[in-house]
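The values are calculated or read from the model by the stated rules, or taken from the named source; none is laboratory data. Bear in mind the structure is a predicted one, so any value in this text is a computation, not a measurement. Note that we place each Cβ from the backbone using ideal geometry, even for glycine, and neighbour counts take in every protein chain shown. Surface accessibility is based on the protein's heavy atoms, side chains included, excluding ligands, DNA and RNA. Shrake-Rupley method; radii C 1.70, N 1.55, O 1.52, S 1.80 Å.
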Amino acid sequence: MSIKQEFSETREKFRILSLYQRFEYFVVMFLTALIAVIVVAALWTLTLKILFGLVFSGGLDPSDYSAFQAVFGMILTVIIALEFKKSLLVGAEGRNTVVQIRSVVMIALLAICRKVIILDLTETDALHTLALAAAILALGLVYWLTGVRDRKGDKAPAIDCC
């Protein structure tokens, strides 16, 4: 499909939207643009830190766990931002601008997994680790349950993004 056809289809879809739906669409597009800027800045920072901080300075030591912890933490930050941007775009492409629960749960799971990766277990108490494990299990269960509902043909429950 050509760009001209895509713009034409988008204009047709935009014409049938109510005033509030148009407002939501503009808000989602603005947020998407802001997140895209953040992703580009985070990717640039990540590239500079990896190249100059680890590779060129000789600081890339395979046995240094903290260096890999920091790098993987930064990579997961970019992935979380991309997933968040994707969930906004999926909502904007539909007839309503509703963020699906599975997307929100996936972003939360990614954020907690990032926290676990960058967590220094020598300085973390057991209760904090247990709380993170419980949050991961709870979010995993919710993610699985919404997936089961999707596979049965029901529409996944949705929440308003704002």
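Just give me the residues in the range 100-115 being part of a helix (DSSP H, G or I), open to solvent by 40 Å² or more (accessible area, probe 1.4 Å), within 13 Å of residue 86 (Cα to Cα) and not basic (Lys, Arg), in sequence order.
Selection gives 104, 106.
(1) of a type in the set (Lys, Arg); (2) in contact (Cβ under 8 Å) with a residue 24 or more places away in the chain; (3) open to solvent by less than 90 Å² (accessible area, probe 1.4 Å): which one isn't true of residue 49, the others all being true?
(3)
What do you reckon, is residue 24 assigned by the TED database to the domain that holds residue 105 and among the charged types (D, E, K, R)?
The answer is no for residue 24.
Confirm whether residue 23 is among the aromatic types (Phe, Trp, Tyr), surrounded by fewer than 16 Cβ atoms within 10 Å (Cβ to Cβ), at pLDDT 85 or above and farther than 26 Å from residue 114 by Cβ.
yes
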